[in-house]
Amino acid sequence: MKKNLVKSRVLTAGLLVTGVLTIAAGVSAGGVASAAKKLSPYLVGVPMPMTGAEAEAGTQIYNAEAMAAQFLNHHGGVLGHQIKLLEQDDACDAGTAVNAANLLVSKGVQAYVGGYCSGATLPAEPIIARAGIPYVMPAANSPELTTGGYKNVFLIDPSGSGDGIEAAAFFKQQHITKVFVIDDQSSFGVAIAQSAASAIKKNGGTVVAGGIQSIPATSNDFSAVISQIKSAGATGIYWSGYFSQAAQFATQLNAAGVIGPHGTAKFVVADGSVDATYITGAGAAANGTYATIAALASGVGNVLGSNADKAFNRAYVKQFHAQPGPYSAFGYDAIMALALAAKHVKSIVPKRVIAGLHALHFVGLTGKISFAADGNRLGAVMDLLEVVNGKYTLAHPQP
Amino acid sequence: MSLFLNEIGNGIFLGAFFGLVALGYSMVYGILRLINFAHGDFYMVAAFVSYTILGAVIVGNSHAQWWTVAWVGLVVMIITGGLAMLANQLIYRPMRRAAILSLMIAAIGLSQVLENGVLVAPQWGATYLVYPVTTPPSGFNLGSNHYTWGQLIIVLISGLLALGVYFLVGRTLLGKAMRAVSEDRIAAVLMGINVDLVIAIVFFIGGALAGAAAVMTGVYYGQINYLMGFTVGLEAFTAAVLGGIGNIGGAVVGGLILGIVQSIGTGIFGAEWAIVVAFGALVLMLWFRPTGLLGERVARRM
């Protein structure tokens with residue numbers, strides 16, 4: 001027993017030293033018996049949307065987190081503590097998220113790893129900060145999340161302000177000066193739309209229709225908005241909300257002849273709209289539309305449908321009989337970041353783990369991971385994607 | 001000016017959906033004085049049922065399988081009508097002597113049951129489902145607006161259904177019985193009218209109209225979700241109140257007005273104001289004309 005423990009420690013330490021953590025190694029080295037059953041479990045709270053419009057994305061991230069926890073538990077857990085994920089539905093709703101946070105804190109979770117919709121992640125921040133435990137966010141990335149001055153917040157997905165800046169750069173490169181910017185009234189959407197609008201103005205463009213427009217997240221009819229776009233003569237349209245509405249917007253823009261074969265305008269969406277459902281939902285209307293997303297390590301997940309990191313995809317598909325989502329790899333990295341930080345400071349005491357996260361440097365599935373003092377991920381690079389023949393591809397737009 | 005006209009066009013299209021769902025609200029209210037809060041969820045269930053049937057009979061995502069959509073639409077109208085009738089038989093009918101507030105709470109409960117039932121149902125669930133059929137983008141231009149043939153057909157079908165209901169209620173013996181039950185239920189019984197059957201038929205018609213609206217929503221908007229009934233229910237209820245709840249013509253007029261007000265609100269003030277403008281109009285209406293546009297008869301009775 002003792003020997004096994006040492007062996008697994010050596011293995012994980014080895015991974016830490018090289019700083020390279022690949023799933024492939026994890027999958028092939030699976031089956032090492034845990035020797036640490038006697039230690040208390042490491043309780044990790046996971047708030048994710050499991051119901052509502054964003055349930056699909058939430059499940060895809062949670063699954064990947066469970067995979068990471070399983071992998072670590074196979075190798076002796078975190079310093080001998082088996083990771084136990086306590087999942088709670090936040091429904092992408094602020095009120096539900098606050099309840100979930102209070103419930104999980106009262107259950108004594110020692111870390112909080114979750115969040116897809118920023119609007120549901122933001123109100124949980126003060127609760128988690130008061131509990132004094134680390135809050136690692138796999139996918140939520142509104143710029144507002146790191147302006148609260150909390151020292152325990154860490155964003156695996158680079159701040160969404162990069163989305164707006166990247167989109168503005170694309171419009172400029174395309175000589176598009178009249179851009180229609182619209183959000184979905186969510187915390188994430190509003191913040192991204194603002195960063196896009198200010199970047200567009202900085203680049204010499206104008207945000208038409210008198211400024212940023214917004215539409216309720218429950219709305220599925222964009223006809224009135226499309227009339228506005230036509231009357232303003234916008235040739236660029238920027239959507240900062242989520243994928244289900246993006247699909248309807250693209251479909252209706254295409255039917256109205258604003259984009260697509262009969263249109264001349266370019267439709268760009270932020271990373272909340274990067275999802276396989278966007279393409280299936282919009283069908284042919286998705287072709288020729290653009291999206292921005294943090295550059296993933298050679299197209300992890302199935303976003304790009306590339307061959308890169310087949311091992312993660314294979315392991316995910318084998319376990320869940322479904323393709324991983326664009327943020328699955330971020331979920332995997334979030335749990336890994338937490339575990340490596342704990343190993344680095346040789347403690348699962350929340351305060352120590354927070355310090356460990358601040359000092360963390362490792363290469364995860366989504367590339368190099370380290371955090372600025374405010375919790376934003378350092379060194380984020382954005383990618384521009386274009387949908388071609390129903391698939392996301394890296395875009396190389398010609399001016 | 002062209003923006004204004006375009007937004008009116010958009011609003012009429014939007015109003016066609018509101019109007020159909022509002023008819024169901026209004027008819028049930030007219031006959032039972034019950035605001036059936038589960039009505040929007042009949043519409044939602046219809047969307048899922050049609051999704052499953054269409055998924056089974058249509059191979060691949062294809063446009064323009066109009067006949068398939070038409071017969072599936074009819075089947076779904078019958079199923080949804082049956083569902084509404086069943087809800088009436090199982091829940092509202094045994095409670096007929098209870099206070100109307102109890103019925104309304106039962107309706108809210110039923111709405112929750114339907115939403116969560118769809119949420120946990122295998123194959124349905126919480127995610128957005130992509131509808132198996134969509135309308136092709138080809139169509140015609142009016143002003144600077146492009147309308148698809150699908151949109152035109154949807155508005156025409158809505159109009160025909162509403163006209164059908166109008167004539168049914170206003171010109172037939174069954175309609176006369178409905179009006180009689182609405183006017184005075186006890187007197188209607190004494191005149192030999194089978195009140196329970198009339199009420200059941202009203203529920204059936206309301207459900208069937210919601211079913212038609214659901215299929216058209218799926219075909220045009222292309223996505224369905226288990227919460228879609230709530231938003232539409234709220235808007236249709238508002239439309240019914242705007243037009244004068246309990247009044248058949250009022251529901252249609254209210255739907256059109258709500259659609260147009262929302263679209264023009266978007267065009268002039270921006271999309272974030274659409275709902276403010278729409279509900280502001282509702283408040284003004286309740287202020288100056290609490291009976292709604294065409295709803296005097298009911299108000300006198302209240």
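Taken together, the values in this text are just the output of simple stated rules run on the coordinates, not laboratory data. Predicted model, so just to flag it, every value in this text is computed and none were measured. All Cβ positions, even for glycine, are placed from backbone atoms using ideal geometry, and neighbour counts span all protein chains on display.
If a paramagnetic tag sat 7 Å from the Cα of residue B:189 along the Cα-Cβ line, which residues of the stretch B:94-129 would have the backbone N under 13 Å from that point?
B:96-98
In the stretch A:40-72, which GluC sites (Glu not before Pro) fall in coil by DSSP and have 10 or fewer other Cβ atoms within 10 Å?
Here no loop site has a sparse enough neighbourhood.
Expressed as a rounded percentage, what relative contact order does chain B have, with Cα pairs under 8 Å and six or more residues apart? Write out the running numbers ahead of the final one.
Values: 509 pairs, mean separation 111.0, N = 302.
Computed over chain B, the figure is 37 percent.
Quick one: dipole size for the stretch B:143-302, taken about the Cα centre, charges +1 on Lys/Arg Cβ and -1 on Asp/Glu Cβ, in debye to the nearest 20. It would help to have the intermediate numbers written out before the result.
Values: 8 positive and 6 negative charges, 86 e Å.
It comes to approximately 420 debye.
Label points 7 Å out from Cα along the Cβ direction at residue B:113 and residue A:323: separation in nm?
Simple spin-label model gives 3.9 nm for this pair.
To the nearest 500 deg cm²/dmol, what mean residue ellipticity at 222 nm is calculated for chain B from DSSP H runs of n ≥ 4 alone, each contributing -39,500 (n - 2.57), summed and divided by the residues? Can you show the working numbers first?
Working: 12 runs with 219 residues, N = 302.
Dividing the helical sum by the residues of chain B leaves -24500 deg cm²/dmol.
What's the ranking of B:25-37, A:198-210 by average number of surrounding C-beta atoms within 10 Å, highest first?
Values: B:25-37: 24.6, A:198-210: 16.8.
Answer by packing, highest mean first, reads B:25-37, A:198-210.
Mind checking the mean number of beta-carbon atoms from other chains within 10 Å of the Cβ atoms in A:227-233? Numbers along the way, then the final one.
Details: counts 16, 8, 0, 7, 8, 1, 0.
If you average over the peptide's residues, the count of other-chain Cβ atoms is 6.
Could you give the length gained on full extension between residue B:75 and residue B:276, defined as 0.36 nm per residue of separation minus the Cα-Cα distance, in nm?
This chain segment gains 68.6 nm when fully extended.
Give the whole-number value, in cubic angstrom per residue, of the convex hull volume spanned by the C-alpha atoms of chain A. Numbers along the way, then the final one.
Details: hull volume 48.5 nm³, N = 399.
Cα-based convex hull of chain A, divided per residue, equals 122 Å³.
Taking 7 Å along the Cα-to-C-beta vector as the label spot, tell me the residue B:156-residue B:5 distance in nanometres, rounded to one decimal.
2.2 nm
Near the amide H of residue A:78, under 5 Å away, which other amide H atoms are found, from residues 5 or more places off or on another chain, if H is placed in the peptide plane?
Distant-sequence amide H within range of residue A:78: A:83.
Which listed residue (A:81, A:199, A:355) has the Cα farthest towards the positive end of the charge dipole for chain A, taking +1 on Lys and Arg C-beta and -1 on Asp and Glu C-beta about the Cα centre?
Final value for the positive-end residue is A:81.
Under a no-solvent Debye model with one identical scatterer per Cα of the stretch B:1-129, what's log10 I(q)/I(0) at q = 0.21, 0.23 Å⁻¹?
-1.25, -1.35
Take the Cα radius of gyration of the stretch A:161-269 and divide it by 2.2 N^0.38 Å, with N its residue count; two decimals is plenty. Don't skip to the end; give the middle numbers.
Numbers: Rg = 12.4 Å, N = 109, 2.2 N^0.38 = 13.1 Å.
My calculation over the Cα atoms of the stretch A:161-269 gives 0.95.
On average, how much area does the Cα convex hull of chain B cover when viewed from any direction, in nm²? Can you show the working numbers first?
Details: hull surface 64.0 nm².
So the mean shadow area of the Cα hull is 16.0 nm².
Which peptide among A:107-117, B:148-158 comes first, and what is the full order, when sorted by highest mean count of other Cβ atoms within 10 Å?
Top to bottom by mean Cβ count within 10 Å: A:107-117, B:148-158.
Could you give the nm distance between label points at residue A:370 and residue B:67, where each point is 7 Å from its Cα heading toward the beta carbon?
6.9 nm
Can you find, among A:66, B:102, A:247, the residue sitting farthest towards the positive end of the charge dipole of the protein assembly as shown, where Lys and Arg contribute +1 and Asp and Glu -1 at Cβ?
A:66
Multiply the residue separation of residue A:203 and residue A:175 by 0.36 nm, subtract the distance between their alpha-carbon atoms, and state the gained length in nm to one decimal. Kindly include the intermediate steps, with their values, before the conclusion.
Working: separation 28, 0.36 × 28 = 10.08 nm, distance 1.04 nm.
Full extension from residue A:203 to residue A:175 adds 9.0 nm.
Pairs of Cα atoms under 8 Å, at least six residues apart: use those to get the relative contact order of the stretch B:194-302, whole percent. Let's see the in-between values first.
Details: 95 pairs, mean separation 24.8, N = 109.
Computed value for the stretch B:194-302: 23 percent relative contact order.
Where in chain B are the DSSP H helices whose C-alpha atoms run 24 Å or more along the long axis and whose mean Kyte hydropathy is at least -0.5? Show your work: numbers first, answer last.
On the way: long enough: B:2-32 (44 Å, 1.43); B:39-57 (27 Å, 1.17); B:66-87 (31 Å, 1.87); B:100-120 (30 Å, 1.80); B:149-171 (32 Å, 1.78); B:195-221 (38 Å, 1.93); B:248-269 (31 Å, 1.80).
Long hydrophobic helices here: B:2-32, B:39-57, B:66-87, B:100-120, B:149-171, B:195-221, B:248-269.
So what is the orientation-averaged projected area of the protein assembly as shown, using the convex hull of its C-alpha atoms, in nm²?
Working: hull surface 127.7 nm².
Its average projected convex-hull area is 31.9 nm².
Report, in order of residue number, the helices in chain A meeting two criteria: a C-alpha extent of 20 Å or more along the helix axis, and a mean Kyte-Doolittle hydropathy of at least 0.0; treat each whole DSSP H run as one helix. Each step should come with its number before you reach the end.
On the way: long enough: A:2-18 (24 Å, 0.43); A:55-74 (28 Å, -0.14); A:187-202 (23 Å, 0.68); A:328-345 (26 Å, 1.04).
Those that pass (Cα extent of 20 Å or more, hydropathy at least 0.0) are A:2-18, A:187-202, A:328-345.
For the protein assembly as shown, build the charge dipole from Cβ charges (+1 Lys, Arg; -1 Asp, Glu) around the Cα centre, then report which of B:208, A:234, A:338 sits farthest towards its positive end.
Final value for the positive-end residue is A:338.
Taking only DSSP H segments of four or more residues, each worth -39500 (n - 2.57), what value at 222 nm results for chain A once the sum is divided by all its residues, to the nearest 500 deg cm²/dmol?
Working: 14 runs with 164 residues, N = 399.
Here the helix-only value at 222 nm equals -12500 deg cm²/dmol.
To the nearest 0.05, what FRET efficiency results for residue A:393 and residue A:363 with a Förster distance of 25 Å applied to their C-beta separation? Mind dumping the intermediate values first?
On the way: r = 25 Å, r/R0 = 0.98.
Efficiency, rounded to the nearest 0.05: 0.50.
For residue A:347 and residue A:147, what is the calculated FRET efficiency with R₀ set at 25 Å and r taken between the beta-carbons, to the nearest 0.05? Can you show the working numbers first?
Values: r = 29 Å, r/R0 = 1.16.
It comes out at approximately 0.30.
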